[in-house]
1. If you scan segment 73-86, which residues turn out to be closer than 10 Å to Gln39 by Cα, among the small types (Gly, Ala, Ser) and buried (at least 17 other Cβ atoms within 10 Å of the Cβ)?
2. Can you tell me which residue among Ala43, Ala70 is farther than 28 Å from Gln91 by Cβ, free of Cβ contacts under 8 Å to residues at least 12 places away in the same chain and open to solvent by less than 50 Å² (accessible area, probe 1.4 Å)?
3. For Leu99, all conditions in the list (1) in a helix (DSSP H, G or I); (2) open to solvent by 70 Å² or more (accessible area, probe 1.4 Å) hold save one; what is the number of the exception?
4. Scan segment 90-104 and give yes if some residue there is of a type in the set (A, V, I, L, M, F, W, C), more than 22 Å from Gln17 (Cα to Cα) and at pLDDT below 95, otherwise no.
5. With the requirement that a residue be among the hydroxyl-bearing types (Ser, Thr, Tyr) and within 25 Å of Asp15 (Cα to Cα), what does segment 89-112 give you?
6. Yes or no: segment 49-62 includes at least one residue that is touching a residue at least 40 places away in the same chain (Cβ under 8 Å) and either in contact with a strand residue (DSSP E or B) (Cβ under 7 Å, 6 or more places away or on another chain) or open to solvent by less than 90 Å² (accessible area, probe 1.4 Å) (or both).
7. Taking segment 14-40 as the search range and keeping residues that are of a type in the set (A, V, I, L, M) and out of contact with any Asp or Glu (no Cβ under 8 Å at 6 or more places or on another chain), which one is most open to solvent (accessible area, probe 1.4 Å)?
8. What is the one condition in (1) open to solvent by 70 Å² or more (accessible area, probe 1.4 Å); (2) within 25 Å of Gly24 (Cβ to Cβ) that Glu108 does not satisfy?
Amino acid sequence: MQHVSRTDDRNATTDAQFKALSDGTRRALLEYLVQEGEQSVHALTAISGVSQPMVSRHMSKLRRADLVTARRAGRETWYSARAKGLAPVVQWMAVYGALWSQRFSALEGIGD
């Protein structure tokens with residue numbers, strides 16, 4: 001059995017998050033949860049313009065990417081955005097944003 005390091009786990013989480021966020025409907029659903037707080041699948045279906053099964057699939061992908069949490073209440077599933085869910089993506093963007101900023105600054109200096 002192969003040992004998976006913490007770095008591999010972080011990379012897998014970041015990969016899953018980028019994949020989850022690559023879809024505009026999922027981004028809109030996540031944004032709505034961030035702004036409005038916990039919502040039921042029915043409420044998310046009403047604002048999304050897609051079917052309830054499709055909303056459930058989108059939310060499942062966001063949950064697997066650790067971007068939302070889910071709880072059952074009777075027959076209804078309620079979703080909430082995870083406050084720290086985007087931390088791996090933000091950290092990745094900070095590292096590479098700084099790197100690209102330095103490279104762009106260096107390129108600007110070449111023509112001077």
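1. Scanning segment 73-86 gives a single hit, Ala81.
2. Working: Ala70 fails: farther than 28 Å from Gln91 by Cβ.
Sole residue among the options that is farther than 28 Å from Gln91 by Cβ, free of Cβ contacts under 8 Å to residues at least 12 places away in the same chain and open to solvent by less than 50 Å² (accessible area, probe 1.4 Å): Ala43.
3. Unmet condition: (2).
4. Narrowing segment 90-104 to residues of a type in the set (A, V, I, L, M, F, W, C): 90, 92-95, 98-100, 104.
From the residues that got through so far, the ones that are more than 22 Å from Gln17 (Cα to Cα) too are 104.
Those left that are additionally at pLDDT below 95: 104.
There is at least one residue in segment 90-104 that is of a type in the set (A, V, I, L, M, F, W, C), more than 22 Å from Gln17 (Cα to Cα) and at pLDDT below 95.
5. Filtering segment 89-112 down to residues among the hydroxyl-bearing types (Ser, Thr, Tyr) leaves 96, 101, 105.
Residues satisfying the conditions are Tyr96, Ser101.
6. Of segment 49-62, the ones touching a residue at least 40 places away in the same chain (Cβ under 8 Å) are 61-62.
Restricting the remaining residues to those that are either in contact with a strand residue (DSSP E or B) (Cβ under 7 Å, 6 or more places away or on another chain) or open to solvent by less than 90 Å² (accessible area, probe 1.4 Å) (or both) gives 62.
Yes, that holds for at least one residue.
7. Taking segment 14-40 first, the residues of a type in the set (A, V, I, L, M) are 16, 20-21, 28-30, 33-34.
Then drop every residue that is not out of contact with any Asp or Glu (no Cβ under 8 Å at 6 or more places or on another chain), which leaves 20-21, 28-30, 33-34.
Details: Ala20: 4, Leu21: 34, Ala28: 55, Leu29: 3, Leu30: 15, Leu33: 4, Val34: 102 Å².
Among them, the one singled out is Val34.
8. It fails just one condition, (2).
The values are calculated or read from the model by the stated rules, or taken from the named source; none is laboratory data. Bear in mind that the values here come from a model prediction, so they are computed numbers and not experimental data. Every residue, glycine among them, receives a Cβ derived from its backbone with ideal geometry; neighbour counts consider all protein chains shown. Each accessible area value is taken on the protein alone, full model and side chains, heavy atoms only, with ligands, DNA and RNA left out. Shrake-Rupley method; radii C 1.70, N 1.55, O 1.52, S 1.80 Å.
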